[in-house]
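Okay, structure first, notes after.
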Amino acid sequence: MHTFHIPVMGLAFTIDSPIRVAHYGIDSVISIMDDDLIEKMTAYYAAKFKQPYEEITQKIEDFRARRITGYLNLADKIVTQKFENFKQELLQKRASLESFIAMLPNGSQLKNNLEQLITSGKTNINEVKSVLEQFFKPGSIDVNIMTKVDKDNFDNQEQLPIFYNDAHAALRGFANSTVNSSVVFSAGMNPRLYSYLESFDGFYPAPDGQFHKKIILKVSDFRSAIIQGNFLAKKGLWVSEYRIESGLNCGGHAFATEGLLLGPILEEFKAKKNELVDSAFSLFTQALTSKNKFVPEKPPLLKITVQGGVGTAEEHQFLLDHYQVDSVGWGSPFLLVPEATSVDAETRKLLADCKESDLYLSNISPLGVPFNTVKGMTNDIFKNARIAAGKAGSSCPKKYLALSKEYDKEGSCTASKKYQDKKITELQNRKHELPESVFAKEMKAITEKACLCVGLANPSHLELNFPVKGQAQGVVVCPGPNMAYFSKEVSLKEMVQHIYGSKSIEIHGDRPNFFIKELQLYIDYLKNQIEEVLEVQPAQIKKWETFKNNLSHGIDYYKNLFEQYYWVNKEKVIHDLENLKIQLFKIELNLYAYGETSV
């Protein structure tokens with residue numbers, strides 16, 4: 001029904017997005033990592049929609065999974081109720097119907113049929129109801145699990161079975177819920193977690209060929225997709241969607257490729273989609289047969305979607321038309337849509353006011369993965385105050401990222417005070433051996449880690465007036481670089497119309513084409529990688545050469561692409577590409593000099 005979706009953002013930003021937008025037919029994704037926040041959301045929405053609620057405390061067996069199941073079941077009920085109410089509103093109010101039609105993409109069957117009824121004057125309730133029943137359905141209540149965030153859990157210092165690990169429990173919570181939707185796996189392959197999918201009947205095809213629960217894999221290239229897809233297919237599990245995300249031009253954690261750019265990656269998926277389907281289907285049917293499960297006669301539907309940095313209707317439509325993707329993810333811009341996302345007022349203003357120079361790729365994540373964020377967020381204020389007072393680190397109340405086993409078999413978070421105290425002591429003991437600049441750099445690397453568990457949950461606490469207990473952490477927000485070009489809060493209708501080109505939101509700054517922006521980010525990333533290395537090894541030079549060659553091939557691909565198609569500001573796009581080609585050539589000269597030195 002729609003050609004866009006709202007991807008997962010942080011812990012809180014899309015925690016209730018389906019409740020806010022699914023009745024319009026918009027798909028969105030909930031993070032189910034933070035069961036503490038999820039329990040608070042259950043209590044809040046149960047009261048708001050007058051639904052029964054019984055608290056699930058941490059003393060209850062399998063509390064994490066049960067909290068997630070409870071929230072998803074409640075969201076399912078609320079979305080169903082809101083959807084039925086909205087359909088009644090469309091039947092009874094002509095203004096609501098016309099406003100809804102204005103939010104639909106051109107070419108959709110629902111829009112075409114409704115417009116034909118209005119044009120012909122046949123807008124009686126039965127005619128409209130017939131069209132709605134046939135073509136209108138609520139958006140999907142999808143969930144996201146970061147595969148690497150699968151912390152071991154303990155009881156009285158005894159490690160619990162893997163069954164109770166965080167990601168396993170989250171998956172169980174989703175699988176046991178009533179929602180008919182998808183789980184999005186991000187952050188790479190976790191064979192143990194993927195194998196756990198086999199435990200739940202909902203992930204296998206029903207006799208009608210449909211799935212009660214679907215699998216979506218977030219991937220960065222075709223090779224990763226076919227490896228993971230075939231791994232699951234051998235277990236009788238079908239990947240219903242590959243969600244391709246830009247390595248750097250995205251929000252949250254940034255999983256940079258080796259210089260592989262979004263355009264060439266999408267081109268490969270377009271050319272090899274049948275290979276992806278055929279290779280998996282053969283393995284899929286063999287596995288289902290061996291398990292005595294229903295075996296479909298033909299491959300189930302497989303979608304290819306994309307997200308990362310898209311900001312105009314032109315870019316959106318180009319992805320749909322040229323690469324034939326099924327949907328385009330719009331993330332960061334929706335942080336400025338109060339009807340769609342959970343963000344406190346202060347953070348929304350920070351995002352509306354930020355410029356290109358305010359958005360940066362940081363090292364604040366305890367996962368050790370580069371993390372997109374923005375200058376001026378309140379978490380930095382509290383964190384820097386603790387550092388200045390000699391009390392670096394977080395109290396670590398939630399421990400979802402307590403994944404380091406360096407000092408504690410139960411795990412500790414690198415953003416915690418307990419962990420940083422040990423690291424700082426070790427560094428202080430080596431201070432006499434280190435140049436002052438090296439000491440300062442290593443100290444920063446220890447103390448800059450932020451408590452994401454609390455910081456990424458606080459926006460909902462502040463917006464919905466939940467009490468914020470314990471140590472003050474402020475808000476962590478993780479927009480992509482595209483946030484720089486959106487400058488004010490807008491309504492849901494305005495944002496959707498902007499996506500479809502029927503009404504443009506004012507975009508500030510000299511916004512580059514999203515392919516150009518990603519290329520610039522990768523060139524800057526490579527420059528920084530080269531500058532930060534103190535002692536260059538031949539293996540490192542070889543890695544940089546591969547990165548540079550992939551970028552060079554990407555530039556050649558884009559040059560051909562941009563010359564073939566009409567773009568608004570086409571001359572500027574080609575000019576920007578030529579400038580980036582010069583920047584890459586300068587890097588090539590530096591790499592040549594490094595190579596000569598090493599020889």
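The values are calculated or read from the model by the stated rules, or taken from the named source; none is laboratory data. All values derive from a computational prediction rather than experimental measurement. Because the Cβ atoms are built from the backbone with ideal geometry, glycine has one as well, and the counts that use them run over all protein chains shown. Ligands, DNA and RNA are excluded from the accessible area calculation, which covers all protein heavy atoms including side chains. Shrake-Rupley method; radii C 1.70, N 1.55, O 1.52, S 1.80 Å.
Beta bridges from DSSP with both residues in the chain: antiparallel share about 20 percent, rounded to the nearest 5. Applying a threshold of 22 Å to the alpha-carbon distances of 375/559; 77/493; 418/441 flags 375/559; 77/493 as lying beyond it. Excluding same-chain neighbours fewer than eight residues apart, the lysines reachable from residue 542 by a Cα-Cα span under 22 Å are 527, 581, 586. Sorting 203, 135 by accessible area puts them as 135, 203; the probe is 1.4 Å, largest comes first, and only protein heavy atoms count.
Phi angles across the range 175-184 convert, under the Karplus curve 6.51 cos²θ - 1.76 cosθ + 1.60 with θ = phi - 60°, into 3J(HN,Hα) values of 4, 8, 7, 7, 5, 9, 7, 10, 9, 9 Hz, Gly and Pro given as x. The label-point distance for residue 356 and residue 201, in a model that sets each label 7 Å from Cα toward Cβ, rounds to 5.6 nm. Maximal additional length on extending the residue 572-residue 272 stretch stands at 104.8 nm, based on 0.36 nm per residue less the C-alpha distance. Between residue 214 and 181, 182, 183, the built amide H atoms are under 5 Å apart, and every one of these is 5 or more places off in sequence or on another chain.
Each Lys or Arg adds one and each Asp or Glu takes one away; over the other residues whose Cβ falls under 9 Å from the Cβ of residue 451, this sums to +3.
Taking every lysine pair in the range 110-214 that is 8 or more places apart or spans two chains, those with Cα atoms closer than 23 Å amount to 9. Using the Cα gyration tensor of the chain, with a ≥ b ≥ c the square roots of its eigenvalues, what is the shape: rounded (a/c below 1.5), prolate (a/b larger than b/c) or oblate (neither)? In terms of gyration-tensor shape, rounded.
Of the residues 281, 252, 207, the one whose Cα sits farthest towards the positive end of the charge dipole of the range 203-303 is 207 (charges of +1 on Lys and Arg Cβ, -1 on Asp and Glu Cβ, taken about the Cα centre).
For residue 532 and residue 324, the difference between the fully extended length at 0.36 nm per residue and the C-alpha to C-alpha distance is 70.9 nm. Applying the criteria of a DSSP loop state and at most 15 other Cβ atoms within 10 Å to the GluC sites (Glu not before Pro) of the range 396-429 yields 406, 410. Between the beta carbons of residue 579 and residue 549, assuming R0 = 30 Å, the FRET efficiency works out to 0.95 to the nearest 0.05.
Please label the shape of the range 437-517 as rounded, prolate or oblate, based on the square roots a ≥ b ≥ c of the eigenvalues of the alpha-carbon gyration tensor (a/c under 1.5 means rounded; beyond that, a/b larger than b/c means prolate, else oblate). Oblate is the answer for the range 437-517, as a/c is 1.5 or above yet b/c matches or exceeds a/b.
So which trypsin sites (Lys or Arg not before Pro) in the range 378-423 end up in coil per DSSP with only 13 or fewer other C-beta atoms within 10 Å? Filter output for the range 378-423: 391, 405, 409.
Applying 1/(1 + (r/R0)^6) with R0 = 56 Å to the Cβ-Cβ distance of residue 440 and residue 92 gives a FRET efficiency near 0.25. Taking all protein chains together and a 1.4 Å probe, the residues 344, 62 rank 62, 344 from largest to smallest accessible area. In this simple spin-label model, placing a label point 7 Å from the Cα along the Cα-to-Cβ direction at both residue 125 and residue 471 gives a separation of 6.0 nm. Pop the C-beta distance of residue 60 and residue 297 into the FRET formula with R0 = 60 Å and round what comes out to the nearest 0.05. E between residue 60 and residue 297, to the nearest 0.05, is 0.85. Counting charges near residue 32 (Lys, Arg +1; Asp, Glu -1) among other residues having Cβ under 11 Å from its Cβ returns a value of -1.
Measuring between their Cα centroids, the range 322-375 and the range 425-477 lie 20 Å from each other.
Rounded to the nearest Hz, the phi-derived 3J(HN,Hα) couplings of the range 37-43 under the Karplus curve 6.51 cos²θ - 1.76 cosθ + 1.60 (θ = phi - 60°) are 5, 4, 5, 5, 5, 4, 4, where x marks glycine and proline.
The residue list 49, 71, 38 was ranked by how far each Cα lies along the charge dipole of the range 36-110 toward its positive end, using unit charges on Cβ atoms, and 49 comes out on top.
What does the net charge come to around residue 308 if you take all other residues with beta carbon closer than 12 Å to its beta carbon, with K and R at +1 and D and E at -1? List each step's numbers first, then the result.
Working: positive: 218, 243, 517; negative: 245, 315, 518.
For residues surrounding residue 308, the net value is 0.
The simple spin-label model puts a point 7 Å past each Cα toward its Cβ; for residue 102 and residue 429 those points are separated by 6.8 nm. With a cut-off of 18 Å on the backbone N, the residues of the range 212-238 near the modelled label site 7 Å out from residue 289 along Cα-Cβ are 233-238. Here the Karplus relation 6.51 cos²θ - 1.76 cosθ + 1.60, evaluated at θ = phi - 60°, turns the backbone of the range 269-277 into coupling constants of 4, 4, 6, 10, 4, 4, 5, 4, 6 Hz, with x for every Gly and Pro. Of the GluC sites (Glu not before Pro) found in the range 516-591, those in coil by DSSP whose Cβ has at most 15 other Cβ atoms within 10 Å are 535.
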